[in-house]
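Notes follow the structure.
Read the figures in this text as sums done on the coordinates, not as results from a lab. What you see is a predicted model; the values in this text were computed from it and never measured. Note that we place each Cβ from the backbone using ideal geometry, even for glycine, and neighbour counts take in every protein chain shown.
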Amino acid sequence: MGRSAKVGGKNIDRARKQVEARPYKLEEAAELLRKVHFVKFDETVELVLNLGVDSKQSDQMVRGTVVLPHGLGKSKRVVVITTGDKIREAQEAGADFVGGEDMVEKIQGGWTDYEAVIATPDMMRSAGKLGKVLGPRGLMPNPKTGTVTADVAKAIAEIKAGKVEFRLDKTGLIHSPIGKISFTAPNLAANALALLAAIIKAKPAAAKGKFIKKITLTSTMGPGILIEEAEADSAVAVAA
């Protein structure tokens, strides 16, 4: 093991030791994550939820989107797949890359320099070919998340403002970014609360029993911090 790995391991251990074995309020947890931050880059802060649903059942899938009140700290590079007048509309709305069949071919060829993809409905026959490329990255355009739409200007604005897509994985967890470690603790907490509210709104009718079983706040290299269940109750009020 190299010296840098040993130093990194010691820093991680030191950070974990500063987390008490108790649940924290969101803002308190965010402040603690900022305090124990030890790497030089601006870590991504994530909220992880363990949900009381069966991810194998299609009627218990949890997915959706939310525009975080304080964004994600970095504007996403947006691709728009469209034709005709919509090309100019997308460019004027701030899309980073715009094209039709040529854009589909470019993505099929292995190009990955973007973080969001929008397609107009008339281009979905072509964009549908990109499932194998975009699916694993969670970037496949979908009407449910507002990324298949004729209103490209609105979709671009929402993504640039900090729109986040969340989706239940096979293990019953949702992992979602809520900002950067450089954010203030109140802003991280507000983003986390907005995400929680959106997930509670997306609760499937088929879900039985306790919906949110566990909430954890973490960062790229930081420790996982258990969040109080009462914070989910606060989010219920926001979601109402």
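Centroid-to-centroid, using Cα positions, region 127-171 and region 189-240 are 22 Å apart.
Placing dummy labels 7 Å off each Cα toward the beta-carbon, the span from W111 to A205 is 4.3 nm.
Using a cut-off of 15 Å between beta-carbons, work out the net charge of the residues near E20 (Lys and Arg +1, Asp and Glu -1, E20 not included). Working shown, then result.
Details: positive: R14, R16, K17, R22, K25, K35; negative: E28, E31, E228.
Cβ neighbours under 15 Å give a net charge of +3.
Could you tell me how many degrees, from 0 to 90 and to the nearest 10, lie between the Cα long axis of helix 230-239 and the main elongation axis, the longest principal axis, of the Cα atoms of the chain? Once rounded, one gets 30 degrees. Within the chain, DSSP assigns beta bridges of which about 70% are antiparallel (rounded to the nearest 5). Label reach from N11 (point 7 Å along Cα→C-beta): in region 209-239, amide nitrogens under 13 Å belong to 220-223. Among the listed pairs K25/K163; K144/K208; K25/K160; K40/K201; K40/K203; K40/K144, which have their C-alpha atoms separated by more than 31 angstrom in this model? Distance filter (> 31 Å) returns K40/K201; K40/K203; K40/K144. Need one word for region 78-161: rounded, prolate or oblate. Basis is the Cα gyration tensor (sqrt eigenvalues a ≥ b ≥ c); a/c below 1.5 gives rounded, then a/b vs b/c decides. Since a/c stays below 1.5, the shape of region 78-161 is classed as rounded.
Cα-based radius of gyration for the chain, normalised by 2.2 N^0.38 Å, reads 1.10.
Largest mean-square fluctuation among R34, R63, R16, in a Gaussian network model of the chain whose springs join Cα atoms under 10 Å apart, belongs to R16.
Here the contact order of region 87-240, divided by its residue count and restricted to Cα pairs under 8 Å and six or more residues apart, works out to 16 percent.
Each of K208, K163 was scored by other Cβ atoms within 10 Å of its Cβ. Arranged with the fewest first, they read K208, K163. Is the shape of region 128-191 best called rounded, prolate or oblate, per the rule: a/c under 1.5 gives rounded, else a/b larger than b/c gives prolate, else oblate, with a ≥ b ≥ c the square roots of the Cα gyration tensor eigenvalues? Because a/c hits 1.5 or more and a/b fails to exceed b/c, region 128-191 counts as oblate.
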